[in-house]
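K.L.:
Please see the structure below; I have some questions.
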Amino acid sequence: MTKLTFPVEASHIMMFARSIGDTNPVYYDADAAKKTEAGGIIAPPSFAQSVAQFNPDYFLRPKPGQAWFGSGKTATGLTEKSTSSGGLHAEQHFEFHRHIKPGDVLTVESMPGKAWEKESKRAGILKFRESITEYRDQNGELVITARSVGVTTERPVSQS
Amino acid sequence: MALKASALKVGDSHSEQICENLSRTQIVQYAGSSGDYNPLHSDEVYTTQIAGYPSVFAHGMLTMGMTGKAVTNYVGDGTLTKFGVRFTNQVWPGDTLTAIAKIAELRKEGGQNYVDLVLSTVNQDGKEVMTGNATARIDA
């Protein structure tokens, strides 16, 4: 499967912490972070998912010269309507062997896991797909093991 | 500061408001930091006219990230060993979310104390939008 290189930068951690509304100095202030239990700047727990930034083929990022499925002149940039209402994120699990810190250069490898189906009243047939992702550091040590479950719905989720 | 096992008991909980009147701009900010630019989260035209939802909605991972803030505010920095969630309902612009972390178990493994938490994040109507579990190292 895909193997990505994820260089972890302090500015990326700071921007990520801002985007989740977390003002904890352990995510941006090196001096303050030194005095915490973490001993230095670390990344917030769910930061690992930002590896998407380093996937050159990531399908949820618009790319120059390619049609994008979001709106422009028309409500979608695609000429053929997709038969699916798109994928949603169902579950996300992280196991931390240690926490990510600036300067880490992670090698990230994903493997497909189980797949299953379920019938739901709110969205029709649900197709679940699991993937397991390992984040290893520059010394080959395992930093995070992640398990993600995505779901494709037959129709948009009803809001009742 | 690290939590101390001696000062905790099963059933203790920490509750925290993790966002108030969630803005579309914060959702865009999360798209930028995470790299997930799915138009479902920022493109009202696509989301209402093509995808068939009443409006854009937040990334599940934004709710996880904001809930993580409540968890680390409780257990301390760099002490989490596990954090897992299930997204149960969508989070919409304007939502005000509260995360609740409740102690399910206090245990010792290989000389190290741990706390197991059950997580629940609810919106302003009391509707659960995310459930989860977390484990952290704590002091004796």
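The values are calculated or read from the model by the stated rules, or taken from the named source; none is laboratory data. None of these values were measured; they are calculated from a predicted model. When we count neighbours, we look across all protein chains shown, and the Cβ atoms used for this are built from the backbone with ideal geometry, even at glycine.
K.L.:
Determine if the range B:72-84 includes at least one residue that is within 12 Å of chain A (Cβ to nearest Cβ), on the phi > 0 side of the Ramachandran plot and in contact (Cβ under 8 Å) with a residue 12 or more places away in the chain.
P.N.:
yes
K.L.:
Here's a follow-up. For B:Glu44, indicate whether it is more than 7 Å from chain A (Cβ to nearest Cβ), over 30 Å from B:Asp139 (Cβ atoms) and at pLDDT 95 or above. Break it down into steps so the answer makes sense when it comes.
P.N.:
Values: more than 7 Å from chain A (Cβ to nearest Cβ): yes; over 30 Å from B:Asp139 (Cβ atoms): yes; at pLDDT 95 or above: yes.
Against the criterion (more than 7 Å from chain A (Cβ to nearest Cβ), over 30 Å from B:Asp139 (Cβ atoms) and at pLDDT 95 or above), B:Glu44 qualifies.
K.L.:
Looking at B:Ala31, B:Ala58, which one is more than 17 Å from A:Gln53 (Cα to Cα), more than 7 Å from chain A (Cβ to nearest Cβ), under 17 Å from the mean Cα position of the chain (by Cα) and surrounded by 15 or more Cβ atoms within 10 Å (Cβ to Cβ)? So that I can check it myself, show each step before the final result.
P.N.:
Values: B:Ala31 fails: more than 17 Å from A:Gln53 (Cα to Cα).
On inspection, the qualifying residue turns out to be B:Ala58.
K.L.:
Still on this model: Can you tell which of A:His99, A:His93 is surrounded by 17 or more Cβ atoms within 10 Å (Cβ to Cβ) and assigned to a strand (DSSP E or B)? Please lay out each step first, then the result.
P.N.:
Numbers: A:His99 fails: assigned to a strand (DSSP E or B).
Exactly one residue qualifies, and that residue is A:His93.
K.L.:
Go through (1) surrounded by fewer than 17 Cβ atoms within 10 Å (Cβ to Cβ); (2) within 26 Å of B:Ala51 (Cβ to Cβ); (3) of a type in the set (S, T, N, Q); (4) more than 14 Å from every other protein chain (Cβ to nearest Cβ) and name the single condition A:Thr79 misses.
P.N.:
(4)
K.L.:
Could you please find all residues in the range B:3-25 being in contact with a Gly (Cβ under 7 Å, 6 or more places away or on another chain) and not in a strand (DSSP E or B)?
P.N.:
The answer is B:Leu3, B:Asn21, B:Leu22.
K.L.:
Another question, if that's okay. Filter the range A:33-71 for residues that are assigned to a loop (DSSP other than H, G, I, E, B) and facing chain B (nearest Cβ under 7 Å) and give the result.
P.N.:
Just the residues of the range A:33-71 that are assigned to a loop (DSSP other than H, G, I, E, B), to begin with: A:35-44, A:55-71.
The answer is A:Thr36, A:Glu37, A:Ala38, A:Ile42, A:Pro44, A:Tyr58, A:Leu60, A:Arg61, A:Pro62, A:Phe69, A:Gly70, A:Ser71.
K.L.:
Tell me the residue from B:Ser6, B:Ser13 that is more than 22 Å from A:Ala52 (Cβ to Cβ), in contact (Cβ under 8 Å) with a residue 12 or more places away in the chain and either under 17 Å from the mean Cα position of the chain (by Cα) or facing chain A (nearest Cβ under 7 Å) (or both), please. Full working, then the answer.
P.N.:
On the way: B:Ser6 fails: either under 17 Å from the mean Cα position of the chain (by Cα) or facing chain A (nearest Cβ under 7 Å) (or both).
After ruling out the rest, the residue left standing is B:Ser13.
K.L.:
If you go through the range A:5-32, how many residues are hydrophobic (A, V, I, L, M, F, W, C) and either over 24 Å from B:Gly35 (Cβ atoms) or within 7 Å of chain B (Cβ to nearest Cβ) (or both)?
P.N.:
Applying the first criterion (hydrophobic (A, V, I, L, M, F, W, C)) to the range A:5-32 yields A:6, A:8, A:10, A:13-17, A:20, A:26, A:30, A:32.
Adding the requirement that they be either over 24 Å from B:Gly35 (Cβ atoms) or within 7 Å of chain B (Cβ to nearest Cβ) (or both) leaves A:15-16, A:20, A:26, A:30, A:32.
Total meeting the criteria: 6.
K.L.:
Now a separate question. Could you go through the range A:36-55 and let me know if any residue there is farther than 24 Å from A:Val143 by Cα, polar (S, T, N, Q) and free of Cβ contacts under 8 Å to residues at least 24 places away in the same chain.
P.N.:
Of the residues in the range A:36-55, the ones farther than 24 Å from A:Val143 by Cα are none.
Within the range A:36-55, none of the residues are farther than 24 Å from A:Val143 by Cα, polar (S, T, N, Q) and free of Cβ contacts under 8 Å to residues at least 24 places away in the same chain.
K.L.:
Here is a follow-up. Return a yes/no flag: does the range B:104-118 have any residue that is under 14 Å from B:Ile18 (Cα atoms) and at pLDDT 95 or above. Before you say what the answer is, go through the steps one by one.
P.N.:
Taking the range B:104-118 first, the residues under 14 Å from B:Ile18 (Cα atoms) are none.
No, the range B:104-118 contains no residue that is under 14 Å from B:Ile18 (Cα atoms) and at pLDDT 95 or above.
K.L.:
Residues of the range B:49-71 being outside any helix (DSSP H, G or I) and either of a type outside the set (A, V, I, L, M, F, W, C) or modelled with pLDDT under 95 (or both), which ones?
P.N.:
Within the range B:49-71, B:Ile50, B:Ala51, B:Gly52, B:Tyr53, B:Pro54, B:Ser55, B:His59 meet the criteria.
K.L.:
Which residues, counting only those in the range B:118-137, are touching a Ser or Thr at 6+ places or on another chain (Cβ under 7 Å), in contact (Cβ under 8 Å) with a residue 40 or more places away in the chain and not small (Gly, Ala, Ser)?
P.N.:
Matches in the range B:118-137: B:Leu119, B:Thr121, B:Glu128, B:Val129, B:Met130, B:Thr131, B:Thr135, B:Arg137.
K.L.:
Shifting gears a bit: Condition check: within 10 Å of chain A (Cβ to nearest Cβ), farther than 26 Å from A:Tyr58 by Cβ and touching a residue at least 24 places away in the same chain (Cβ under 8 Å). Does B:Ile18 satisfy that? Please lay out each step first, then the result.
P.N.:
Numbers: within 10 Å of chain A (Cβ to nearest Cβ): yes; farther than 26 Å from A:Tyr58 by Cβ: yes; touching a residue at least 24 places away in the same chain (Cβ under 8 Å): yes.
Judged against the criteria, B:Ile18 is a match.
K.L.:
Moving to a separate point now. Quick test of your reading of the structure: B:Val45 fulfils all but one of (1) closer than 29 Å to A:Gly39 by Cβ; (2) in a helix (DSSP H, G or I); (3) in contact with a Ser or Thr (Cβ under 6 Å, 6 or more places away or on another chain). Name the failing condition by number.
P.N.:
It is condition (1) that B:Val45 fails.
K.L.:
Could you tell me which of the residues B:Thr67, B:Thr47 is surrounded by 23 or more Cβ atoms within 10 Å (Cβ to Cβ), under 20 Å from A:Arg61 (Cα atoms) and hydroxyl-bearing (Ser, Thr, Tyr)?
P.N.:
Numbers: B:Thr67 fails: under 20 Å from A:Arg61 (Cα atoms).
Just one listed residue meets the conditions, B:Thr47.
K.L.:
Select from the range A:72-88 the residues that are of a type outside the set (Gly, Ala, Ser) and not in a strand (DSSP E or B) and write down the one among them that is modelled with the lowest pLDDT. Show your work before the answer.
P.N.:
Taking the range A:72-88 as the starting set, the residues that turn out to be of a type outside the set (Gly, Ala, Ser) are A:73-74, A:76, A:78-81, A:83, A:88.
Next, from what is left, pick out any that are not in a strand (DSSP E or B): A:73-74, A:76, A:78-81, A:83.
Numbers: A:Lys73: 95, A:Thr74: 95, A:Thr76: 94, A:Leu78: 90, A:Thr79: 82, A:Glu80: 71, A:Lys81: 63, A:Thr83: 49.
It comes out as A:Thr83.
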